[in-house]
Structure formats: structure tokens, C-alpha cells
Amino acid sequence: MSADGRRTPTISILCPVYRTEPFLRAAIDSVLAQTRDDWELVVVDNGLSDEVVDIVGSVGPDPRIVLVRQENRGLDGGVTAARAAASGRYLLPLCSDDMLVPSTCERFVDVLDARPEIDVVSSDAYLYDEQRRCYLPQSWLRFADAPAADPDHRVDLLEVVGGRDVYYGSAFRREVWDAEGGYADGNASDLGLWLRVLRAERDVRVLPERLGVCRVREGSITTDPVSSGFTELVEGLFEAAVEGSPDPRLRDALDRRLRRRRYTVSLASARQALRRGDTETARARARSALSYRVTPRSVGVLAAVTVAPTLVRRLHPYKQDVQLVLSRMRRRAIRASGSGADANRA
């Protein structure tokens, strides 16, 4: 028991909130639906929003939910404030516009309790398209082009520098989180922590289950890597992770990753410019993508924006409609089979 009479939680969920009030109640409800109840949810009102106070208050009195209020200090400041108020053995970051599935805490705690050598355990996640209000057919790991999850495989720095991504909604042992500096890197704080954890050769495992629900929406940094100096920040974190390493494979892997990333960002910039009607910028960014990687996609995009940019702009919504139909077909199959029902109720 804690000093105020509350039961000491096993796992603390760290949830900063800034301008995501429309999604906060769903995030809280997904925590309330957990199959084990020895959790603690620390909500940080990262901007002194009265609406956040009202949403948390609407849940009703629950000693497991802690509200911290502060001026906006960015993602790292919000998560750091949540960590300072948390008392669980394990720490699980949760973006306030994302959700957990009901078995998230139970599964993570079971693994960490049974395997003391494991420092961090991650998983796959569902992708939810906020604009279309549907689950996407691919999982988070598939979307990130990550290899199939194998809990017997220990993820290392070379893999991640080389292109493997790990879902942020993972459970860390508190002492590991603290020893590796927690969130301290602005909008890419989760990546910074992962790279420090792996550079320190901590034991990281990935479960194949989808234990999170990642909301895909316009304007979020994770879906808009072109904005807010995000590319420069990410590249700097990778550079710091390999600096001074005697392993030449890390530098080679980083060079390949940066070229792939710049290719992806250039294509994204080309699409954004085309939607704005800025054909010249779209062509320039498409040429940039081609300079990083010659692929059928980069060649096709450059040809399209050079020969028929207006037609491409008109056809783009139809491509999205096809993706929506596929997503709906997947949801019907899930309902028919009964699998994934918990996540769809989250």
C-alpha cells in the first residue's frame, strides 16, 4: 500500500494530453477495460485544459487514475511528469489518442514477471484510421515493414538502425527506464529511449499479439514525418546511437536507413505538394526521391507529376476509397470469426 492508502500498482500507464481531448475518453475507457486491475493511469494535462479535467472527472472517482496538470512542456515533458508521479514496477507509455486492448497489461506483466532477464517487452498493434473510422487491414508491424515478431528473439541495435521499428506502446522495467534517461528528445522521445536502451544492450523482446490500437490521423507527427523538423531530429538520434561504436556494420546500416528515410520523406513531400496544387515542388521532391532510391514507385510518381499532375490529383481519392473497401471487408471477416473483437470494442 502507498502512503495515501492506495494499493501499489504493478504497471503505471503514462498518458500525456495536449490538444487530443476528443480522443482522451476512449483511451481512458481502454484502460478501465483491462483484464487485470492492478494498474495506475497517470494522465498529464500538458497545457492546463479545463476539458481534460472534465473528461477525467467524468469517469468517476477511481484511486487508480492520477491527474497531473502543468503548462505544455512537449511530449518529453508530459511523459516525464507522468513518470515522476508513477509508482508501478513497470511503465507503459500511451498516447492520449491511442488505446490498449483489454489484455495489454495482463500480457505484458505476465511476461516481465516470468522472465526477469527481459528489460522491455513490446508487441504489434492495430491501426485505426480516424478519418475513415475503420481498422486498416495491416497491423502496425506490417505497416512499418518490420519482421514477424518472435518473443524468443532478442532485438539489437543493429536491427533497429538497419530499419526495424518497434511499437512505442511497450512495457519497461522502471529501473531500466530511469537508467536510460526516459523521454528526453522532444517529439521523437520514444525513438531516443529505444536507441539508448538498445545501445546499452538491454534485453528487448517483441510479442506477436496486437496489444495496442494506434490511431492514424492527419496532422500527427508520426503520420506526417515532413513536419516540425521531425526528419532532422530523427536523423540526429540515429547518428548519436552509432557514434563511437567499433562495429562498422552500424554505420553501413545507418547510411542505408537514412537513404530509405529520405526517399520516403521526399515522396511524402511530393504528395503533399501535389494536393496543394504546387506542381513544381511536387516534381522537385519526386526527383529527390528518385536520387535516393530508383524504384518503380519513385519512377512512377515522377512520371505522373511530370506528365499528368491534374489527373493524379483527381484519382487520389479513388485510391483511398479502394483501401476503405478492403478495410471494411477485413472488419466483417473479424466479426464473423470472432477474432480481434476485444480490440474493436476498445
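The values are calculated or read from the model by the stated rules, or taken from the named source; none is laboratory data. All of these numbers come straight from a predicted model, not from anything done at the bench. Quick reminder, even Gly has a Cβ in these numbers, built from the backbone with ideal geometry, and neighbours come from all protein chains shown. Side chains are part of the model used for accessible areas, which takes the heavy atoms of the whole protein and leaves out ligands, DNA and RNA. Shrake-Rupley method; radii C 1.70, N 1.55, O 1.52, S 1.80 Å.
Observations on the model:
- Unmet requirement for Ile55, which otherwise passes all of (1) closer than 18 Å to Gly169 by Cα; (2) open to solvent by 20 Å² or more (accessible area, probe 1.4 Å): (1)
- Filter pass, Thr80 being surrounded by fewer than 22 Cβ atoms within 10 Å (Cβ to Cβ), modelled with pLDDT of 95 or more and polar (S, T, N, Q): yes
- Failed criterion for Phe108 (all others in (1) under 14 Å from the mean Cα position of the chain (by Cα); (2) open to solvent by less than 20 Å² (accessible area, probe 1.4 Å) hold): (1)
- Residues (free of Cβ contacts under 8 Å to residues at least 40 places away in the same chain and open to solvent by 80 Å² or more (accessible area, probe 1.4 Å)) located in the stretch 229-251: Glu232, Glu243, Pro246, Pro248, Arg251
- Checklist (1) open to solvent by less than 10 Å² (accessible area, probe 1.4 Å); (2) part of a strand (DSSP E or B) applied to Tyr126, failing item: (1)
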